[in-house]
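A quick write-up on the structure given underneath.
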Amino acid sequence: MDARSFLNTCWRLSIIVLKFPAMNIQNTPSRFLIALSVASAVFAAGLAVPAFAQSYTWTGAAGDLWSDSANWSPSGPPVIGSTAEFNSAGAGHTTINWSGTASAKYITFDSSSCAAYTIGTPGDLLQLSWAGAITLNAGVTENQTISAGNVRMYNDIVGENTSYNFVNNSSASLTVTGNIYSNHGNTFDLFLKGTSTSINTLSGVIQDTLDSGPTQIWVSGGIWALTGLNNYSGGTVITGGSTVIANTIVNNGPEIVGQR
């Protein structure tokens, strides 16, 4: 449980304390302190606290199914808040399928031993925890593809701003084919970063949030081709010598590009 989740749990417990008929405690700080004590005890006891920070490495030992626990070390699959790492040939299983939905916070491709992976199939949903990243680290030489039908950034708090990062510091390229959006958020900030000189492609439709909040794209490194029929309303900010290719128009920063 991270600090944000811990404090959110305390606040929810404080509301329960207020409503409990045997406790006549109206003072908000007092309620929060009681909730803090309860949450601390739960945290210390390891009760109902999922291992969201867990990192899972793909081995492909049992085939190509994301959901098969035997394909991950330690036994998986990844869940919301966790890391899925790819750093090997994956026993030859490099086209990875899942049934319906797959989840993670970070998807990381690492080392020169990392094979070329295609993750997901059209129609699938990839659900990514807010403030995470899909990253190609330096040393990766094979191109990587996220091929889900939809890539949804997951934020469990309605009305809170959401962000996510695509980062490429390798000599290879990243391709994301699914539609990109956030389930919640007053705004959704998508950060495109990295030092790679390869062309990274986002070919799905980049959309505003399901709460109708604007999506804004921030580009601070690398070459990014936004080739979908995008309808996000927050615009695109390009800085630091980055290149964005959208509707065959190339824009070199620093500048602010409006909706495409």
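Some points to look at:
- Any hit, the stretch 113-120, residues being under 18 Å from residue 180 (Cα atoms), touching a strand residue (DSSP E or B) at 6+ places or on another chain (Cβ under 6 Å), surrounded by fewer than 20 Cβ atoms within 10 Å (Cβ to Cβ) and modelled with pLDDT under 95: no
- Tally, over the stretch 142-176, of residues that are more than 18 Å from residue 111 (Cβ to Cβ) and either of a type in the set (Phe, Trp, Tyr) or touching a Cys at 6+ places or on another chain (Cβ under 7 Å) (or both): 3
- Within the stretch 168-181, the set of residues being of a type in the set (S, T, N, Q) and either more than 16 Å from residue 125 (Cβ to Cβ) or in a strand (DSSP E or B) (or both) comprises 168, 169, 170, 171, 173, 175, 179.
- Test for residue 189: is it touching a His at 6+ places or on another chain (Cβ under 7 Å), in the same structural domain as residue 137 (by TED's automatic domain parsing) and either touching a residue at least 60 places away in the same chain (Cβ under 8 Å) or within 21 Å of residue 160 (Cβ to Cβ) (or both): no
- Evaluated against (1) modelled with pLDDT under 90; (2) more than 25 Å from residue 120 (Cα to Cα), residue 184 falls short on exactly one condition, (2).
- Here 203, 233 are screened, and the one residue that is in contact (Cβ under 8 Å) with a residue 12 or more places away in the chain, surrounded by fewer than 20 Cβ atoms within 10 Å (Cβ to Cβ) and closer than 24 Å to residue 108 by Cα is 203.
- Looking only at the stretch 150-160, residues that are in a loop (DSSP other than H, G, I, E, B) and without any contact (Cβ under 8 Å) to a residue 40 or more places away in the chain come to 3 in all.
- Qualifying residues in the stretch 75-103 (those that are of a type in the set (Gly, Ala, Ser) and over 20 Å from residue 142 (Cβ atoms)) - the one surrounded by the fewest Cβ atoms within 10 Å (Cβ to Cβ): 100
- Selection within the stretch 128-140 - surrounded by fewer than 19 Cβ atoms within 10 Å (Cβ to Cβ) and modelled with pLDDT under 95: 131
- Matching residues in the stretch 208-260 - criterion: being more than 15 Å from residue 165 (Cα to Cα), at pLDDT below 90 and not in a loop (DSSP other than H, G, I, E, B): 243, 244, 245, 246, 249, 250, 251, 252, 255, 256, 257
- Checking each residue in the stretch 123-140 for being part of a strand (DSSP E or B) and more than 15 Å from residue 83 (Cβ to Cβ) picks out only 125.
- Single unsatisfied condition, residue 165 versus (1) part of a loop (DSSP other than H, G, I, E, B); (2) under 18 Å from the mean Cα position of the chain (by Cα); (3) modelled with pLDDT of 95 or more: (1)
The values are calculated or read from the model by the stated rules, or taken from the named source; none is laboratory data. This one's a predicted model, so the numbers in the text were calculated from it and none came from an experiment. Neighbour counts are summed over all protein chains in view; Cβ atoms, including those assigned to glycine, are modelled from backbone coordinates with ideal geometry.
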